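The values are calculated or read from the model by the stated rules, or taken from the named source; none is laboratory data. What you are looking at is a predicted structure, and each value in this text was computed from that prediction instead of being measured. Methodologically, a virtual Cβ is constructed for each residue, glycine included, from the backbone with ideal geometry; neighbour enumeration extends over all protein chains shown. Please note that ligands, DNA and RNA were not included when accessible areas were found on the heavy atoms of the full protein model with its side chains. Shrake-Rupley method; radii C 1.70, N 1.55, O 1.52, S 1.80 Å.
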Amino acid sequence: MILVALLGNLKPVFAEEILESVSDKGLIVKEDAILILKGEVDGDDRQVKRELSQSILKSLRLDNWLDDSMLRSDIKFANIYGNEEEELIVALSLPKDNGLLAIFIKSNSGYHLKLLIEDLLPITSLNFIELPDLEYKAIVVEEYLDERFGAFFESKTKSIYFIDKDLAIKKVWERVTYLKVAEPLEQGWLIKVEEVDLSFASKEKIIARGRKQELKVEDLEQSKGQELSSSDSQEVYLWNQEKLLFTPFKD
């Protein structure tokens, strides 16, 4: 095994959101595994990814995820903490409504699992952006919820997180980027759709351009229907250095 689980105390996380430390169980990824994941040395990266995912889930007592064929992982490296090294970021998703983000930080003995973002929806995208006066990057997470069978809606949400100098994670922005809701009528269905295109115009500004529509369809398999109404919108969010948040800009 390339991955070694160790007992130890992890630094507690004091955050405004749903974040927790990993209690008293630590996890270390050895340097040789990191080199394989980065593609810097030859090795079975699929096996390393599989072992890494399994070790994270076992350490969190999420053994019920292990045998599910729908389990997905996304592994990336980025400088998201105030040091000179890149961190290891692992997104694990189990459709249709489970996701988590595990963050490993480098030390002398390897990469330690230090932070978790739990109780997420399935993660469909994991990227990084720069923020004002921050020498490292913030994390952009896209989540997807599919409730088309039963609750008749689906949604996508993008959120931005950053790690502060005290090793605490803060969510600094969130916006639904896609929402589709179906409501039954006496004849047919009313479909309400909102689609939002995001532009990270600069480190200080996010522009969200949206379009809302109401459609009437005969059945839910229809890709097009009778348009009842539509409207366009634009929202601007500016970085607030005092609050360390993106806040809505109002004329």
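Bridgeable aspartates and glutamates around residue 137 (alpha carbons under 15 Å apart, same-chain partners fewer than 8 residues away excluded): 84, 85, 86, 87, 164, 204. Loop-located chymotrypsin sites (Phe, Trp or Tyr not before Pro) in region 132-238 (DSSP state other than H, G, I, E, B) with a sparse environment of at most 14 neighbouring Cβ atoms within 10 Å: 149.
Using equal-weight Cα scatterers in the Debye expression, the normalised intensity of the chain in log10 at q = 0.09 Å⁻¹ is -0.48. According to the Cα-based calculation, Rg over Rh for region 145-251 is 1.10, with Rh computed by the Kirkwood formula.
Once you list every other residue whose beta carbon is under 14 Å from the beta carbon of residue 231, what net charge do they have if Lys and Arg are +1 and Asp and Glu are -1?
Residues close to residue 231 contribute a combined charge of -2.
In Å², what does the accessible area per residue of the chain work out to with a 1.4 Å probe?
Per residue, the chain has an accessible area of 56 Å².
For the chain, the 222 nm mean residue ellipticity estimated from helices alone, with every DSSP H stretch of n ≥ 4 adding -39500 (n - 2.57) and the total spread over all residues, rounds to -3000 deg cm²/dmol. Measuring nothing but how far apart in sequence close Cα pairs (under 8 Å, 6+ apart) lie, relative to its length, the chain scores a relative contact order of 12 percent.
Within the accessible area of the chain, the carbon and sulfur atoms contribute 45%, probe 1.4 Å, all protein chains present.
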